[in-house]
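Engineer: Structure below; questions to follow.
The values are calculated or read from the model by the stated rules, or taken from the named source; none is laboratory data. Here the structure is a predicted model, which is why all the values come from computation and not from measurement. Glycine gets a Cβ as well: all are built from the backbone with ideal geometry, and neighbour counts include every protein chain shown. Protein only, heavy atoms only, side chains kept; ligands, DNA and RNA dropped before computing areas. Shrake-Rupley method; radii C 1.70, N 1.55, O 1.52, S 1.80 Å.
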Amino acid sequence: MGPRITRVESVEFSYPIEDVGTDDAGFNLVYEPGATTERTLYALRVHTDAGVTGEYVGGNSPAAAQLNTVADYLVGRNPLEREKHWSELKRALRKYDRMGIGPVDIALWDFAGKYYGAPVHELLGTYRRTLDAYASTYHGDENGGLDSPEAFADFAEECRDRGFGGFKIHGWGGSDASRNLDREIETVHAVGERVGDDVDLMLDPACEYETFADALQVGRACDEQGYYWYEDPFRDGGISQHAHRQLRERLDTPILQTEHVRGLEPHADFVAANATDFLRADPEYDAGITGAMKIARTAEAFGVDVEFHAPGPAQRHCIASCRNANYYELALVHPDCANTQPPVYEGEYSDQLDDVEDGRVPVPDGPGLGVDYDWAYIEANQTGSRHVYD
């Protein structure tokens, strides 16, 4: 019969990020001296009768709400039957974006690794044990941090000197679109002229540009500087195959899309429609390690690369198991404030700027995800939302 799930437990908690606020629209995280942003995450435990618990910390409120609708399904079932559970939850959440699958699936992979005494990357099939990283910045600010093209170029130079092989710009958001567009173009050139011969450069406007013309104008600046990729430029939200095919046909810089496209099939459709050069995947957003690896294998079948979004232990295991992946995203980084990483890891795991040695990060090699969570911190900072299913 195998092991059985006896209880599923979800805990909401918050933690502070010092010297970080938001831009004038209130969405993008930016450097703001003296400010404190409270961030909310979820901690998930899948308990079993085998005496082994699958764990994962991450997720957001919509994902937690979806988990609440399907968690009872898991109780009493074999935690090793991930593919079966993935398929059932995919159907159950068909009316939603299915982000609730991600944390559950990652926790089930963590269980499997602990159960078999192996790291997740070995269960997936190890291709590498260290990963090349790129520095992925906070958004541009007006507060003395990344507040000018020169400031971005200075930081790019610092990251190059730290050994990073890539540097990604998140530019300015907010309402002054014309001024921001000029600064974006100036920043593309300033960073390219300063370090473009030494590192791979990426630009991620995070869907800020208001028109196709704006996206095209900045993309041509990327062409002039030989950027490695151009990601999610304009306000279709990153989901229009037609729009991005039109953009791709007019630029030399490769396009990276699908961070905001949910599900395996739409990712495949993006490639089939010639609407992107790289595929984006995220084990938290894309229905877990199971879903993200399906996207990675689909990319491989099409002969394109998959680039995983955001840092985290699940991402490290996925990249370690892919031939067709180039970089690990160390995000968000800044010369004057810390990454957004929650203070929940015990031991050596960390995603801060100073943790990258010679531009590379290791893949955890302990059982499961290979990380230990500080449950005392999580429970001490619980926000009041705790759900138990048994």
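Engineer: Is it the case that the range 220-239 has a residue that's more than 26 Å from TYR31 (Cα to Cα), of a type in the set (Asp, Glu) and at pLDDT below 95?
Structural biologist: yes
Engineer: What residue, of ASP286, ASP214, ASP252, is open to solvent by less than 40 Å² (accessible area, probe 1.4 Å), assigned to a loop (DSSP other than H, G, I, E, B) and touching a helix residue (DSSP H, G or I) at 6+ places or on another chain (Cβ under 7 Å)?
Structural biologist: Being open to solvent by less than 40 Å² (accessible area, probe 1.4 Å), assigned to a loop (DSSP other than H, G, I, E, B) and touching a helix residue (DSSP H, G or I) at 6+ places or on another chain (Cβ under 7 Å) holds for just one of ASP286, ASP214, ASP252, which is ASP286.
Engineer: Still on this model: Tell me which residues, restricted to the range 318-352, are of a type in the set (Asp, Glu) and either open to solvent by 40 Å² or more (accessible area, probe 1.4 Å) or more than 23 Å from GLU157 (Cα to Cα) (or both).
Structural biologist: Matches in the range 318-352: ASP336, GLU346, GLU348.
Engineer: Can you name every residue in the range 331-390 that is part of a loop (DSSP other than H, G, I, E, B) and of a type in the set (A, V, I, L, M, F, W, C)?
Structural biologist: Within the range 331-390, CYS337, ALA338, VAL344, VAL356, VAL363, LEU369, VAL371 qualify.
Engineer: Moving on to the next point. Can you pull out the residues in the range 256-265 that are in contact (Cβ under 8 Å) with a residue 12 or more places away in the chain and either open to solvent by 20 Å² or more (accessible area, probe 1.4 Å) or in contact with a strand residue (DSSP E or B) (Cβ under 6 Å, 6 or more places away or on another chain) (or both)?
Structural biologist: LEU256, THR258, GLU259, HIS260, ARG262, GLY263, LEU264
Engineer: Tell me which residues, restricted to the range 153-183, are surrounded by 23 or more Cβ atoms within 10 Å (Cβ to Cβ) and either on the phi > 0 side of the Ramachandran plot or assigned to a strand (DSSP E or B) (or both).
Structural biologist: Listed by number, the residues that qualify are GLY166, PHE167, LYS168, ILE169, HIS170.
Engineer: Is it true that ALA35 is open to solvent by 10 Å² or more (accessible area, probe 1.4 Å) and either part of a loop (DSSP other than H, G, I, E, B) or modelled with pLDDT under 95 (or both)?
Structural biologist: no
Engineer: Which residue pairs have Cβ atoms under 8 Å apart, sit 6 or more places apart or on different chains, and have a first residue in the range 115-134 that is assigned to a loop (DSSP other than H, G, I, E, B) and a second that is open to solvent by less than 10 Å² (accessible area, probe 1.4 Å) and among the β-branched types (Val, Ile, Thr)?
Structural biologist: From the range 115-134, the pairs are ARG128/ILE319.
Engineer: Let me confirm something: among GLU186, GLU150, GLU193, which residue is part of a helix (DSSP H, G or I), touching a Pro at 6+ places or on another chain (Cβ under 7 Å) and farther than 25 Å from ASP282 by Cβ?
Structural biologist: GLU186
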